[in-house]
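Some notes on the structure that comes next.
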Ligand SMILES: NC(=O)c1ccc[n+]([C@@H]2O[C@H](COP(=O)([O-])OP(=O)(O)OC[C@H]3O[C@@H](n4cnc5c(N)ncnc54)[C@H](O)[C@@H]3O)[C@@H](O)[C@H]2O)c1
């Protein structure tokens, strides 16, 4: 094991700050089994964003380019948290420099680029992983446990939505999120999350059908300054065309179940609503990201049979015992905590801690490609009047998801 791990984050935007904070928290989750983690640099082409994030989260410095991170001898681990279309160049450059890379979802802006990244990673001497953050959500991990243990049993039907409203105002400024080919909009942005959550619970998706992509706000104003995340700032009178989807919907086939997924960035009132119901042979479970510290559970053999009961997540559920500073019942849990567990898992793997003593590993680049194959199949389905489109089988089911959190 190395004496210490030097960490950097590329991108000081909305999610970059979550990564920066997560590396700060990761060593304090669970027992201190990691080597010392040095918070070295945050790189952003926007000097102000990088400098502020570095100071806020206690990083030693900030840099202006990914190349500076690649060349730095004091950095071992790098999160890539910039626009999807930039992932390939940066990830490959970092892998060539021997850095361990945690890339944000979706893996890239096109399936071809993602496949090229995975091919490149095969030859790398360092780790390449992708952040599927919602797998770290205790409620979602618990529902998966209930399915796999047989309490809920085999999935019969999955119904999921990821509704956001960052684009519901026509004055929301143009940004990289509105540029790219079919399916690179809401589908890639939040449909990527919903797709891997659906597979996390229901198993591999073998076909999509009924694909539909709609662009409902067709032009957006050019911002007058830098835009971070979903921020609204001052805009000019100049409009640019929106190139990709505001709304997407599709049906999925699992091995022996079906489901429907719907995503939006124009669902006013739903800032960040990942919601699903999963119906199984012995009952059903519900999850709503707005109330992430609970799930709804209905079991058919419950004598009362009076509908869903609220299960408040606590130390007896995945991730929480020993993982939060105060791991008592009902202390709550949020999306930022999931980033911290994700960072911890990545650092554990980089440090060479045995898998059995670690958090479930982060997703591989093969899983990232498979996720992109689902998104690509939806776009193909949409372009062909909703036709069924097969999804190549992925390797994601070979990853055991049970680590110390459940022991
Ligand atoms: N896991 C999650 O829950 C989650 C949430 C939001 C975003 N994301 C993902 O994170 C990535 C970034 O999204 P975001 O919302 O943080 O974007 P953002 O627009 O808020 O931030 C991107 C940052 O990258 C900087 N940047 C642009 N080009 C750069 C370059 N060449 N080198 C260094 N910095 C550069 C910009 O100045 C900006 O600060 C995307 O892949 C997105 O899909 C994941």
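Structure values in brief
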quantity: Candidates 121, 114, 70 - the one that is over 25 Å from residue 352 (Cβ atoms) and either free of Cβ contacts under 8 Å to residues at least 60 places away in the same chain or under 22 Å from the mean Cα position of the chain (by Cα) (or both); calculated: 114
quantity: Out of 34, 39, sole residue that is more than 11 Å from the ligand (Cβ to nearest atom), in contact (Cβ under 8 Å) with a residue 60 or more places away in the chain, within 24 Å of the chain's Cα centre (by Cα) and not assigned by TED's automatic domain parsing to the domain that holds residue 326; calculated: 34
quantity: Tally of residues being more than 12 Å from the ligand (Cβ to nearest atom), buried (at least 23 other Cβ atoms within 10 Å of the Cβ) and within 18 Å of residue 112 (Cβ to Cβ) across region 171-186; calculated: 1
quantity: Count of residues meeting criterion [within 16 Å of the ligand (Cβ to nearest atom) and either farther than 20 Å from residue 82 by Cβ or outside any loop (DSSP other than H, G, I, E, B) (or both)] in region 230-239; calculated: 2
quantity: Qualifying residue in region 358-377 (condition: part of a loop (DSSP other than H, G, I, E, B) and in contact with a strand residue (DSSP E or B) (Cβ under 8 Å, 6 or more places away or on another chain)); calculated: yes
quantity: Cβ pairs under 7 Å, 6+ apart, first in region 211-233 and touching a residue at least 60 places away in the same chain (Cβ under 8 Å), second within 12 Å of the ligand (Cβ to nearest atom) and assigned to a loop (DSSP other than H, G, I, E, B); calculated: 226/46; 228/13; 229/13; 230/166; 232/173; 233/173; 233/225; 233/227
quantity: Residue count, region 67-93 (criterion: within 11 Å of the ligand (Cβ to nearest atom), in a helix (DSSP H, G or I) and either out of contact with any strand residue (DSSP E or B) (no Cβ under 6 Å at 6 or more places or on another chain) or more than 16 Å from residue 113 (Cβ to Cβ) (or both)); calculated: 8
quantity: Among (1) surrounded by fewer than 17 Cβ atoms within 10 Å (Cβ to Cβ); (2) within 13 Å of the ligand (Cβ to nearest atom); (3) touching a residue at least 60 places away in the same chain (Cβ under 8 Å) - the single one residue 243 does not satisfy; calculated: (2)
quantity: Which listed residue, of 60, 104, 51, is within 14 Å of the ligand (Cβ to nearest atom) and over 12 Å from residue 12 (Cβ atoms); calculated: 104
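The values are calculated or read from the model by the stated rules, or taken from the named source; none is laboratory data. Fair warning: this is a prediction, and the values are worked out from it, not measured in the lab. All Cβ positions, even for glycine, are placed from backbone atoms using ideal geometry, and neighbour counts span all protein chains on display.
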